[in-house]
């Protein structure tokens, strides 16, 4: 690898690391905003989402410029193509954070009808999945990739239980339909964020090993037995 190409690859990796940290923070802050219905916090999350979009666009430009000017081949070209796909996944996760913040805005003058447990748990799982996936990308460390199968099973189980609980509340109370709908939507956004993190993990395996691996199948059908 030429020294110039090595330099540009490291610069892109550095920016990917910044993008990843900002994206993970946006997921965490979005849950804080929704849990507390804090409008100021929601506004900050939206600002973070704008930063994520701008940084994503800059990284994409860096990748295209490096491919055009440095003409990488083989493994380096594979890395750059993966970086491009991961940037898009992180951008999408940032959009989910934005949408959760927007839902918080829609909840102005409303209040939660139950203590939030499942949603913060789903947020934590999504961030943990992202952490494991990005470690594979930035450090080439695939040692925890297999843990993602179990995390997905736990997330599926928690989501199912949350939906059942919401149905139970709807049967017993009136006037909570709108907030209950928001719970479901927020839960789905965190589930989708975790799905994007899974995609990143699959790309990490491909980037490091050159082999494609489909994740999320080993624990299928066993979600109900997964420990909390």
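Laboratory data are not the source of any read-out in this text; all were calculated from the coordinates shown. Note that this is a predicted model, so its numbers are computed, not measured. Here Cβ is always computed from backbone atoms with ideal geometry, including for glycine, and neighbour counts include all displayed protein chains.
Identify, please: which residue in region 43-52 is farther than 24 Å from residue 117 by Cα and surrounded by 14 or more Cβ atoms within 10 Å (Cβ to Cβ) and is, among those, farthest from the chain's Cα centre (by Cα)? Break it down stepwise before answering.
To start, the set of residues in region 43-52 that are farther than 24 Å from residue 117 by Cα comprises 47-52.
Subset that is surrounded by 14 or more Cβ atoms within 10 Å (Cβ to Cβ): 48-49, 51-52.
Details: 48: 14, 49: 13, 51: 16, 52: 12 Å.
Taking the candidates together, the pick is 51.
Can you find even one residue in region 75-83 that is within 20 Å of residue 193 (Cβ to Cβ) and either assigned to a helix (DSSP H, G or I) or touching a residue at least 60 places away in the same chain (Cβ under 8 Å) (or both)? First the steps, then the outcome.
Here is the first cut: in region 75-83, the residues within 20 Å of residue 193 (Cβ to Cβ) are 82-83.
From what is left, the residues that are either assigned to a helix (DSSP H, G or I) or touching a residue at least 60 places away in the same chain (Cβ under 8 Å) (or both) are 82-83.
Within region 75-83 (the criterion being within 20 Å of residue 193 (Cβ to Cβ) and either assigned to a helix (DSSP H, G or I) or touching a residue at least 60 places away in the same chain (Cβ under 8 Å) (or both)), the answer is yes, since at least one residue qualifies.
Just name the residue that is surrounded by the most Cβ atoms within 10 Å (Cβ to Cβ) out of those in region 18-42 that are over 12 Å from the mean Cα position of the chain (by Cα) and free of Cβ contacts under 8 Å to residues at least 60 places away in the same chain.
32
Residue 112: in a loop (DSSP other than H, G, I, E, B) and touching a residue at least 40 places away in the same chain (Cβ under 8 Å), yes or no?
Working: in a loop (DSSP other than H, G, I, E, B): yes; touching a residue at least 40 places away in the same chain (Cβ under 8 Å): yes.
In short, yes.
Restricting the search to region 136-157, which residues are without any contact (Cβ under 8 Å) to a residue 60 or more places away in the chain and crowded, with 18+ Cβ neighbours inside 10 Å?
151, 155
Is at least one residue of region 185-208 surrounded by fewer than 17 Cβ atoms within 10 Å (Cβ to Cβ), over 21 Å from the mean Cα position of the chain (by Cα) and not in a loop (DSSP other than H, G, I, E, B)?
Checking region 185-208: not a single residue is surrounded by fewer than 17 Cβ atoms within 10 Å (Cβ to Cβ), over 21 Å from the mean Cα position of the chain (by Cα) and not in a loop (DSSP other than H, G, I, E, B).
Is there a residue in region 121-132 that is touching a helix residue (DSSP H, G or I) at 6+ places or on another chain (Cβ under 7 Å), surrounded by 15 or more Cβ atoms within 10 Å (Cβ to Cβ) and part of a loop (DSSP other than H, G, I, E, B)?
no
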